[in-house]
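A quick write-up on the structure given underneath.
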Amino acid sequence: MSERQKIFVSALVTGASGFIGQHLVQKLQSQGFNVNVLVRNREKYKITSNINIFEGDILNEDVVRNAVSN
């Protein structure tokens with residue numbers, strides 16, 4: 001992926017406060033993705049730099065729609 005393409009690529013990670021999710025977020029960031037995360041409890045989420053954090057349940061359609069559209 002070119003540097004120009006990376007600027008416009010976003011990813012939504014659900015379960016980002018878990019072991020795999022945290023590593024996935026770091027990997028996506030290192031590859032230039034804009035990362036949005038959806039977590040049930042914002043206070044448990046440790047990575048806060050250069051990401052958009054959305055708090056809520058994946059079963060809540062409004063929360064997911066908001067996280068995907070940003």
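The values are calculated or read from the model by the stated rules, or taken from the named source; none is laboratory data. The structure displayed is predicted, hence computed values, not measured ones. Note: ideal-geometry Cβ built from the backbone for every residue, glycine included; neighbour counts use all protein chains shown. With ligands, DNA and RNA removed, areas are computed over all heavy atoms of the protein, side chains included. Shrake-Rupley method; radii C 1.70, N 1.55, O 1.52, S 1.80 Å.
Using a 1.4 angstrom probe with every protein chain in place, what is the largest-first accessible-area order of ASP57, ASP62?
The ordering from most to least exposed comes out as ASP62, ASP57.
Within the accessible surface of the chain, defined with a 1.4 Å probe on protein heavy atoms only, the carbon and sulfur portion equals 50 percent. Helical content of the chain, expressed as a calculated mean residue ellipticity at 222 nm, amounts to -10500 deg cm²/dmol (DSSP H runs of 4 or more residues, -39,500 (n - 2.57) each, divided by residue number, nearest 500).
Solvent-accessible area per residue in the chain equals 72 Å², computed with a 1.4 angstrom probe and all protein chains kept. The listed residues VAL68, VAL39 rank as VAL68, VAL39 when sorted by accessible area, largest first, using a 1.4 Å probe. Shown are GLU61, GLU55, GLU43, whose ranking by accessible area with a 1.4 Å probe and every protein chain present, most to least, is GLU43, GLU61, GLU55. What do you get for trypsin sites (Lys or Arg not before Pro) in region 21-51 restricted to DSSP loop and a cutoff of at most 12 other Cβ within 10 Å of the site's Cβ? Taking region 21-51 and a limit of 12 other Cβ atoms within 10 Å, the loop trypsin sites (Lys or Arg not before Pro) found are LYS46. Amide H to amide H distances under 5 Å link THR14 with LEU38, where only residues 5 or more positions off or on other chains count and H is placed in the peptide plane.
For the chain, averaging the sequence separation of C-alpha pairs within contact (under 8 Å, six or more residues apart) and dividing by the residue count gives a relative contact order of 28 percent.
Look at (1) 35, 33, 16; (2) 34, 24, 17; (3) 44, 21, 16: the one that is Cα extents along the principal axes in Å derived from this structure is (2).
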